[in-house]
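Enquirer: For reference, the structure I am asking about is given below.
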Amino acid sequence: MRSFYNIAGQSIEVELLRRAASQLLIYNGEESTIAIKALGDDEYRVTVEDQSTSLFAIQQGDQFFIHLNGNNYQVDCEDEMQSASGALSDEDKVVANAPMPGTVVAVNVTAGQTVKSGESLMVIESMKMETTIAAWRDGVVCKINFCVGDSFDRQAELIQLEE
Amino acid sequence: MAQIKKVLIANRGEIAVRIIRTLKEMNIPSVLIYHAEDHFSQGVREADECIEIFGDTPVAAYIDPQNIINACHKSGANAVHPGYGFLSENSAFVSHLEEEEIIFIGPSAEIIKLMGDKISARSFMIKHQFPIVPSVVEEDDPASFAERAREIGVPLLIKAAAGGGGKGMRIVRDPAELDSQIEQARSEGLRYFGDGRLFCERYIERPRHIEVQILADRQGNCVHLWERECSIQRRFQKVIEEAPSPTLNDEQRKEICQTAVDMATKAGYSNAGTVEFILAQDGSFYFLEMNTRIQVEHPVTEFITGMDLVAEQIRVANGESLSKTQAEIQINGHAIECRINAEDPDQNFMPSLGPVLKLRAAQGAGIRFDTGLQEGQKVGSAFDPMLGKLITHGSNRDQARRRSLRALRETVLMGLTTNINFLQRILELDAFIEGDLHTHFLEEFSAQLEPDEIDEDTLKLLLAAAVSMDPQQQSGSAEIPEPYASIGSWRN
Amino acid sequence: MQRIISHINTNAESFKENSLYNLKLRDELKEKIRKARFDRPQRDFDRLKRQDKLFVRDRIDLLLDPGTPFLELSALAANRSYDGKSPSASMITGIGIVNGREVMIHADDASVKGGAWYPLSMKKLVRMLDIAIENQLPVIHLCDSAGGFLPLQSQFFADRYHGGRVFRNMCQLSKMGVPQLSVVLGHCTAGGAYIPALSEYSVIVRGTGAVFLGGPPLVKAATGEIITADELGGCDLHTQVSGTADYPASSEQEAIAKAREIVAQFSRIEKEKIEQQAVEAPYYDPSELYGIVPKDNKIQYDVRELIARIVDGSRFSEYQPAYGSTLICGFAHIWGYKVGILGNNGVLFNDSSLKGAHFMQLCNQNKTPLVFLQNITGFMVGREYEENGITKDGAKMIMSQACSVVPKFTVMVGGSFGAGNYGMCGRGFDSRLLFSWPNSKISVMGGEQAADVLVDIKLSQLKKEGVTLCEEEIAAIRKPVLAEYENESDAYHSTSEIWDDGILDPIDTRNSLGIAISASLNKSIEKPGFGTFRF
């Protein structure tokens, strides 16, 4: 099965294949024989071809956290459907999703108001940092889902523009 | 004066743990207040007693003086250690405690009030002829504020009188922008501190941030514990601090430290405090502000002086005299602190959130890791993004630096994005190695601080680890039937 | 199982000459295939790009599981027809893996004439569905065709194996419980509209996909209504209003990802269990095949040398090694699957025919698929052999072969002449898959012999008229006859007419058979049964 792993902003198509006793990583049209051995306590010994290294790795939902050679990496997984349908252009986007959990500090528009791309719709605060939710395109505000002081989770639908 | 019998810690996170540890060493029982968000924190596990507090928001719970006073009454604590932040520099709170006959482990309400207001602190320093950056205060004559500011000449820095932590600060390089920047600073001041008063000062290019740790007892002894350099900042937030400063020579060091002692003495200061200075490229220095509390970065001072600052605070609050005289306080080696934050340096320091899935601190000589985090704890958006502090000590700066690098590499903190790799990159920059620091260092070197491209071998290892653990892939891969799997990507 | 001992001397002059010759044939094949796959005027690629469409090869790569093989069938179909204007008969068919499921794929190639179907396209489509039926393979249709190529409609519409057969086959497949999935990436007009409509599942791309019985020009001509393709039969109409298509997709990528997700929901068929063992690569290097197959197909060679370079570990358990030595029979494994192999070492005699007939019965009895390596000039002729019943012995072999219930696979490795083609499972006998090597020749008799026969007939006619010809005049008659014969017996002619399922580079034979056998086991093997044998 085809997966897309996002590492440092780069989306990489990968596939795991089993051949006889070995596992093969297919990426970039190349095959590499891989092996993984759990050492306990989230530590693993990972072998790619002849190179072998210890690392820490933990999976949480669609994310992997990997600590390798003193560096911390995050691998975000997407399956092919997510990857193929995820690329909605801003023009088609209807709703602004919260980039992180937080609370609403200000709502600068009202439903029915016409807004220009870039105009501030809402200000949210998370971990003492304020983020402005700006209009991603010209349009008419049709729904505001939170009031000042409300808190919300990551990906919450904050505000909607008419289609 | 009453003896301290039991101390309530009006704080959370790593500083709560830090204070509890000293209290244990001094055989003083500890009480920790906590909001439900912190239920699983390390402080709650380590304190002798815990009292849950409530509020509209988690922060509101910690800054409600009544919550603390009630908790003191409930637990019988007769002293409060405020840590840093929250109520630590709130003079009304300190007065309130005095009324309740609860000992505040810190300076008096008056001094907090004097130093807590930038304008009054500044007036005090001018009055006593301490060095101050040329500046004008709006309140002196609001109508002529902009005009007076212009007279100082650009670059200028506009600050909110009640400000701190970089909020309400504006740099003006173009005189034409002065008016609009004044308004923006005022609105931020109003928004964050409920106080729109401003002042304006000469902006010093490539300044260093040097601060001096002060300890004063009620017997009139006032000593300094040498300086710290905190020039590595982003958005006015300190990122890496070290002691001693790599730039000061012995003469400068003595002068700046003595100035800080003189200031504290003049103010009749008691307990621990920090005088912050701006050091210009020409070696001149100016008073910036005085922090009337324990600082986040106090461990670097503890490493080079061998003193326990929290213990000294408690001694002073208990009416005892300081444990050491100035002559006994010598600099031993060099210490560096790295603040580990829940943020993504590659995404404009956007705060990150998530559970702490794995936490493994680095080990070895000269390494100290102060944190209030526990594995399994969820880092939310309610508090400050600081997860912990990694402090290392070496016989010289380079050893301390190398030790920090090693310790950062060995620190395993997984489950959310942190700045650990970013800190490593700072410590590896030539300019950092040479000690050529200033408060805009991170902006100047932002291009060099970008992460390196991940090399092919590393990428393969990461992908190999991820596919091996990905349940979708594990079930998916078993599905390729033979002989197709073995034939591979063959085409006829 | 014993390893075949090869007697090939790779340093021999003949080996080198054969290699040179066969490698040249291999290169010609590769070049022809490359051209059929990719040789298009730039403007055709530009047009696809303008239409937001992917090239058909890229669609297939997206559809297949990465790192898995694709056995393309009839890549050179129509290579000798329509002035080469219908490369691969304007469509790709083949067997591959989608989300772990073994499937048949049909993909229209809109880069040539809008993917219009020529008569041979229809034949290829019918054959593809026959293969799906015979092997119970789910089919994925990547639809993007302008419909039948109207100027040639008389050659693809009305007859039994013409257009209607496509839909009949689709219905039969559905009735057997084998699912089909259509991904509508372009227009499906007229008959083509039934492909998604008869499929169990369908996905349609918004903007480019459309399904209708009559396209906008036809509608305008018939009723005067002026309507766009999208309004008439686009994604939203069919997924929201008519219900003709199931899943909307906003791009080809999304449509193909959706298709993969749908395939992942197919239940896996319990495959027929045949004898299997751990896979072993051939002991002898398969690339030596180029040096073994003679330059001149009149030269007889030992078919065991071919077997040694195709089967697992080059191991072969030969049946009746001392009897009927012109037909080599025996058991071996290909990609771990046990097979019974029949290969020619000369003309078929009575004993070799009887041996073959009996061996095939054994394979039917123990559920062993049959592999025919066909290099045969026919059954022996002459009074002595007729007296010995060569025809009835040949009939036994044909009966045994034709009634076999185990999957059969045929590879034309040399000549295929006369009734030998029948005995060795030629096209008429429903091999699950039949492949040719580029050197192979096929005709009712050898070219030379046929030319001689034809010339003799001509000469006796002329003789009756009192005309006698000199040597040169005879040669002048013989030459064009021979040339046409050679041309029509050529593998490229065979494959153009879809008399096979594709020409293979000889070293690809092992993988192709491996996939073919694996696919064949989706269908359970019936109990053996034969007709009457003439004794």
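Enquirer: Output the pairs from C:Lys298/C:Lys479; C:Lys273/C:Lys355; C:Lys16/C:Lys298; B:Lys6/B:Lys378; C:Lys85/C:Lys441; C:Lys338/C:Lys408 with a Cα-Cα distance over 23 Å in this structure; if there are none, say none.
Expert: Cα-Cα > 23 Å for C:Lys273/C:Lys355; B:Lys6/B:Lys378; C:Lys85/C:Lys441; rest within.
Enquirer: Continuing with this model, one more query. If you take all C-alpha pairs in region B:400-447, what percent of them are over 18 Å apart?
Expert: So the portion of pairs separated by more than 18 Å is 34 percent.
Enquirer: Can you work out D for region B:380-492 in µm² s⁻¹ from Stokes-Einstein, where Rh is the Kirkwood radius over C-alpha pairs, the temperature is 10 °C and the viscosity is 1.306 mPa s?
Expert: 86 µm²/s
Enquirer: Could I ask something else about it? For C:Lys49, C:Lys441, C:Lys124, what ranking results if the residue with the fewest other Cβ atoms within 10 Å of its Cβ goes first?
Expert: Fewest-to-most ranking of C:Lys49, C:Lys441, C:Lys124: C:Lys49, C:Lys441, C:Lys124.
Enquirer: Any idea how far the Cα center of region B:194-253 sits from the one of region A:121-148, in Å?
Expert: What the calculation gives is 38 Å, centre to centre.
Enquirer: Still on this structure: Would you mind listing how long region C:42-264 runs along its three principal axes, going by Cα atoms, in whole Å with the largest first?
Expert: Principal-axis extents of region C:42-264 (Cα, largest first): 48, 40, 38 Å.
Enquirer: Using the eigenvalues of the Cα gyration tensor, what equivalent ellipsoid semi-axes result for region C:268-414 when each is taken as the square root of five times the eigenvalue, whole Å, largest first?
Expert: So the equivalent ellipsoid measures 26, 21, 12 Å along its semi-axes.
Enquirer: Continuing with the same structure: Once you place label points 7 Å from the Cα toward the Cβ at C:Tyr323 and A:Glu43, how far apart are they in nm?
Expert: Taking the two extended label points, one gets 6.9 nm.
Enquirer: At a threshold of 8 angstrom on Cα-Cα distance, excluding pairs fewer than six apart, so keeping six or more, what relative contact order does chain C reach in percent?
Expert: The normalised contact order for chain C reaches 14 percent.
Enquirer: Provide the gained length on full extension for the span C:Thr532 to C:Glu13, in nm with one decimal, where the gain is 0.36 nm per separating residue minus the Cα-Cα distance.
Expert: Stretched fully, the C:Thr532-C:Glu13 segment lengthens by 181.9 nm.
Enquirer: How big is the shadow of the Cα convex hull of region B:219-345, averaged over all directions, in nm²?
Expert: Answer in nm², one decimal: 8.5.
Enquirer: Can you give the FRET efficiency to the nearest 0.05 for B:Ser187 and C:Lys85, using r as the Cβ-Cβ distance and R₀ = 60 Å?
Expert: In this case the efficiency is close to 0.25.
Enquirer: Another one. Give me the distance in nm between label points sitting 7 Å out from Cα along the Cα-to-Cβ direction at A:Thr110 and B:Gln219, one decimal.
Expert: 6.9 nm
Enquirer: Something else: Which semi-axis lengths, in whole Å and largest first, follow from the square roots of five times the eigenvalues of the Cα gyration tensor of region B:329-373?
Expert: In descending order, the three semi-axes are 28, 16, 9 Å.
Enquirer: Nearest-5 percent of antiparallel DSSP beta bridges in region C:42-264?
Expert: Here the share of antiparallel DSSP bridges comes out near 35 percent.
Enquirer: What Kirkwood hydrodynamic radius do you get for chain C when you take the inverse of the mean 1/r over all pairs of distinct Cα atoms, in Å?
Expert: Here the Kirkwood hydrodynamic radius works out to 24.9 Å.
Enquirer: Given Cα pairs under 8 Å that are at least 6 residues apart, what percent is the relative contact order of chain B?
Expert: Relative contact order, chain B: 13 percent.
Enquirer: What ratio of Cα Rg to 2.2 N^0.38 Å holds for region B:208-444?
Expert: Against the empirical 2.2 N^0.38 Å value, I get 1.02 for region B:208-444.
Enquirer: Next question. According to a simple spin-label model (label point 7 Å from Cα along Cα-to-Cβ), what is the distance in nm between B:Lys127 and C:Glu386?
Expert: If labels sit at C:Glu386 and B:Lys127, their model points lie 13.8 nm apart.
Enquirer: Return the Rg/Rh value of the protein assembly as shown, two decimal places, where both radii are evaluated on C-alpha atoms and Rh is the Kirkwood radius.
Expert: Reported Rg/Rh (Cα atoms, Kirkwood Rh): 1.15.
Enquirer: Please give the peptides A:130-138, B:283-291 ranked by average Cβ packing (other Cβ atoms within 10 Å per residue), highest first, as a rough proxy for protection.
Expert: Put in order of decreasing packing, that is B:283-291, A:130-138.
Enquirer: State, as an integer percentage, the relative contact order of region C:318-444 based on alpha-carbon contacts under 8 Å between residues 6 or more apart.
Expert: The normalised contact order for region C:318-444 reaches 23 percent.
Enquirer: Same structure again: Quick check: the distance between the Cα centres of region C:201-257 and region B:382-424, to the nearest angstrom?
Expert: Cα centres, region C:201-257 to region B:382-424: 59 Å.
Enquirer: Let me know the shape class of region C:365-491, please: from the alpha-carbon gyration tensor, a ≥ b ≥ c as square roots of the eigenvalues, rounded when a/c is under 1.5, otherwise prolate if a/b is greater than b/c, or oblate.
Expert: It is oblate, given that a/c is not under 1.5 and a/b is not larger than b/c.
Enquirer: Cα convex hull of region A:95-161: mean projected area in nm², to one decimal?
Expert: Average of the hull's projected areas for region A:95-161 equals 3.6 nm².
Enquirer: Calculate, in nm to one decimal, what C:Ala483 and C:Ile227 gain on full extension: separation in residues at 0.36 nm each, minus their alpha carbon distance.
Expert: 86.8 nm
Enquirer: Indicate, rounded to the nearest 5 percent, the antiparallel portion of the DSSP beta bridges found entirely in the protein assembly as shown.
Expert: DSSP beta bridges in the protein assembly as shown are roughly 75 percent antiparallel.
Enquirer: Here's a follow-up. Determine which lysines satisfy two conditions relative to A:Lys116: a Cα distance under 18 Å, and not lying fewer than 8 residues away in the same chain.
Expert: The qualifying lysines are A:Lys93, A:Lys143.
Enquirer: Can you tell me the Rg and Dmax of region C:126-217, counting just the alpha carbons, in angstroms?
Expert: Answer for region C:126-217, Rg first and Dmax second: 13.2, 40 Å.
Enquirer: Could you let me know the centre-to-centre spacing of region C:392-414 and region B:142-158, using Cα atoms, in angstrom?
Expert: Region C:392-414 and region B:142-158 have Cα centres separated by 103 Å.
Enquirer: Based only on the alpha carbon positions, what is the Kirkwood hydrodynamic radius of region B:88-139, in angstrom?
Expert: Taking the inverse mean of 1/r over all distinct Cα pairs, region B:88-139 comes out at 12.4 Å.
Enquirer: Report, largest value first, the span of the C-alpha coordinates of chain B along each principal axis, in whole Å.
Expert: For chain B, the Cα extents along the three principal axes come out at 91, 58, 47 Å.
Enquirer: Please give the FRET efficiency for C:Lys175 paired with C:Ser267, using the beta carbon to beta carbon distance and R0 = 22 Å, rounded to the nearest 0.05.
Expert: Efficiency, rounded to the nearest 0.05: 0.85.
Enquirer: Could you give log10 I(q)/I(0) at q = 0.14, 0.17 Å⁻¹ for chain A, computed by the Debye formula over C-alpha point scatterers of equal weight, without solvent?
Expert: Debye intensities relative to I(0), on a log10 scale: -0.85, -1.03.
Enquirer: Per the Kirkwood formula on distinct C-alpha pairs, the Rh of region B:60-216 is how many angstrom?
Expert: With all distinct Cα pairs of region B:60-216 included, I get 17.6 Å.
Bear in mind that the values in this text are calculations on the coordinates, not laboratory data. Note that this is a predicted model, so its numbers are computed, not measured. Note: ideal-geometry Cβ built from the backbone for every residue, glycine included; neighbour counts use all protein chains shown.
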